[in-house]
Structures are given as structure tokens and as C-alpha cells.
Amino acid sequence: MTEPLRRLRWWAADYLYAGLWQVRAAFDRTDPGSFRNGDRQPIVVVPGVYETWQFLHPLIAALHERGHPVHIVDPLHDNRMPVDAGAALVSDYLVAQDLRDVLIVAHSKGGLIGKHVMALGPAGDRVRCMVAVAAPFGGSVYARYMIMRSLRSFSPQDRTILALAAETGVNARIVSIYSRFDPHIPEGSALAGAKNVQLETGGHFRILAHPRIVAEVESLADTVA
């Protein structure tokens, strides 16, 4: 199979996965508080833009089944707010719940919010580490063509993207997981100083179901236990 055809198939599979889970998320009435029990390291999940927490339900359930109390910051809703505003909500939640030694698990824009919390927020010392999946740490060149401000903010020249890129001190506590081909982030999600894990597949959304994500979370949890 040629590379262009392979990428086309990955792209189609990615949007099929995203569409399926967006529909399921719309009808999901699970109480987010039902995942908070557990005796292992607390996890805070941060979804991507236009994603409610229900979009990450399979990943949340898998982590909860392994004994982690999984916390959902419900006020993020579908995460269309600016990164700093989302980070403020996450920081407020960490303080309100008195969570410490937290492991953030984030998708896409959620990785920017997680890094903002770690590097620039008042509750940064409550976060031990983060697993970020398909996070646009360097932005995306496609953002300049977007009409909506919530998507244009991913421009590589956006001041928040640049400010977070300059905060390298927390990178060693981040695991960045990304696919070989991401149709939304052609630059990829490699982060200098972080543990970078490239999966030999394609997609921005469907890699959320890849077993390597849970494995990396478990590895970090075991390390900091």
C-alpha cells in the first residue's frame, strides 16, 4: 500500500471513530462522580476542544477499573474556552478537592491545559506528571485557516502556544503520545525533554483506544507510588 493511500485510510478511520464516540457521548448519562473512588494515584482527565468528558469514557473506565480515582472537571463542558481559562478551572478543581500527586491524562488541547496547570498555574505543585495524547504543543499550521477562534488559537504563532513552549521545566514530567500521521497536527506532538512515544499508526482521535496509553499511565503510576 502506498503512503498516501495508507494516510487516507487512517484519516477515514479517524473520523469514523470520532463521529461514533461523539454520538455516543451525546447520549451518555453516566454520573462523572461515579469514577472518583479508588485507592491508587488520582487521575484528572482533560479532554480536547469540542469534546466533553464522555468522549473519553472508554479510557476513563479503563483507568478506573485499574483502581484509580478518576476526576472529571465538568465545568470544562466541551472545552471551547481559552487554554488559560480551562487551566484555571482545572487548578480550582485540584484545590477544591485537595488533590495531590495527581496524574493528568489529556487529549489534544487538554495537553496544553495540563501543561499550563503544571508550569504556570497556582496548583502546579499538586500535579506529579501528565500523559498527553496528540497534544499540539507546537501548534498546527492548519489553525490559520480556521474560522472559529477556538481553533485559530492553535496557530504556532499564538501567544499561549509560544508561552507554553518557553516553559520547558516541566517537560521531563510529561509523556507525549502521538501517531505517526496526525491529520490535525502535521508537525506532530514531539516535546523536547519529554518522553515521546510515537505509535506506528495514524489518527488524532482513534489512538485514544490504543493500549499503549493505559500502559504509559500505569507505568507512571507505578513509578510514583
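Which net charge results when you count Lys and Arg as +1 and Asp and Glu as -1 among the other residues whose beta-carbon is under 15 Å from that of Arg180?
Residues close to Arg180 contribute a combined charge of 0.
Hydropathy first: keep DSSP H helices in the chain averaging at least 0.5 on Kyte-Doolittle, then drop any whose Cα extent along the axis falls short of 27 Å, and list what survives. Mind dumping the intermediate values first?
Values: long enough: 3-26 (34 Å, -0.31).
Helices meeting the criterion: none.
For the chain, what does the relative contact order come out to in percent, with C-alpha contacts under 8 Å and a separation of six or more?
With pairs under 8 Å counted, the relative contact order is 19 percent.
Calculate, for Asp74 and Gln22, the FRET efficiency according to 1/(1 + (r/R0)^6) with r their C-beta to C-beta distance and R0 30 Å; round to the nearest 0.05.
E(calc), rounded to 0.05, equals 0.95.
Applying a 10 Å radius around every beta-carbon, put 180-191, 162-173 in order of their mean neighbour count, most first.
Listed from highest to lowest mean packing, they are 180-191, 162-173.
Sorted by mean Cβ packing within 10 Å, highest first, what order do the peptides 85-91, 133-139 take?
133-139, 85-91
Between the alpha-carbon centers of the range 104-151 and the range 11-39, tell me the distance in whole angstrom.
Centre-to-centre distance over Cα atoms comes out at 20 Å.
About its Cα centre, what dipole magnitude does the range 70-217 give when the only charges are +1 on Lys and Arg Cβ and -1 on Asp and Glu Cβ, stated in debye to the nearest 20? Walk me through the numbers before you get to the answer.
Values: 15 positive and 13 negative charges, 56 e Å.
Computed charge dipole of the range 70-217: roughly 260 debye.
Quick one: pull the percent of accessible area on the chain belonging to carbon and sulfur, 1.4 Å probe, ligands and nucleic acids left out.
56 percent
Can you pull the one-decimal nm distance between simple spin-label points at Leu162 and Arg9, each 7 Å off the Cα toward Cβ?
4.2 nm
Can you order the peptides 10-22, 199-211 by their average number of other Cβ atoms within 10 Å per residue, highest first?
For the peptides 10-22, 199-211, the packing ranking is 199-211, 10-22.
The values are calculated or read from the model by the stated rules, or taken from the named source; none is laboratory data. Computed from a predicted model, the values in this text were never measured in an experiment. Neighbour counts run over all protein chains shown; Cβ positions are idealised from the backbone, glycine included. SASA here: full protein model, heavy atoms, side chains in, ligands and nucleic acids out. Shrake-Rupley method; radii C 1.70, N 1.55, O 1.52, S 1.80 Å.
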